[in-house]
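Worksheet for the structure shown next.
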Amino acid sequence: MKKSLTLTVLTALLALVAVAILAQGTAPAKAPQAGANAKLYICTMCEYAADKPGKCPECGMNLKEVDRAAVSYVCTMCSVTSDKPGKCPKCGMTMKMKVAEPAAPKTK
């Protein structure tokens, strides 16, 4: 009986530790403070965003310059959109960064 209780407690503890470790990888995208600068620099690989050019601190790729107005965040579950990163107000999932493609020039 005592052995069974100990095994149950250890299994529960192991499950809690596993959930805590997995939850660390689900942080929302980082958004810089909005300012007078209309440009935003993003990592196309891991959704990192910054106010100035450079390399992504998470993967080392060069940051790509985009217009701040072209960046939005969308819930992949229920298609709710926002101009800020974070959790979806409808379902609670982490919203993903989406960059609007520039309009193609008109051809004659």
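The values are calculated or read from the model by the stated rules, or taken from the named source; none is laboratory data. Quick caveat: nothing in here was measured; it's all calculated off a predicted structure. Using ideal geometry, Cβ is built from the backbone for each residue, glycine included, and neighbour counts are taken over all protein chains shown. All accessible areas refer to the heavy atoms of the entire protein, side chains included, with ligands and DNA or RNA removed. Shrake-Rupley method; radii C 1.70, N 1.55, O 1.52, S 1.80 Å.
Across the stretch 43-60, the qualifying residues are those that are touching a residue at least 12 places away in the same chain (Cβ under 8 Å) and over 17 Å from Met97 (Cα atoms), and the one among them that is surrounded by the most Cβ atoms within 10 Å (Cβ to Cβ) is Pro53.
Filtering the stretch 71-102 to residues that are open to solvent by 40 Å² or more (accessible area, probe 1.4 Å), under 17 Å from Ala38 (Cα atoms) and not charged (D, E, K, R) leaves Val99, Ala100, Pro102.
Counting only residues that are modelled with pLDDT under 90, among the hydrophobic types (A, V, I, L, M, F, W, C) and open to solvent by 50 Å² or more (accessible area, probe 1.4 Å), the stretch 61-70 holds 1 of them. Filter the stretch 62-80 for residues that are closer than 12 Å to Ala49 by Cα and in a helix (DSSP H, G or I) and give the result. Residue satisfying the conditions is Arg68 alone.
Taken over the stretch 2-53, the residue count meeting the criterion of being closer than 26 Å to Val74 by Cβ and at pLDDT 60 or above is 16.
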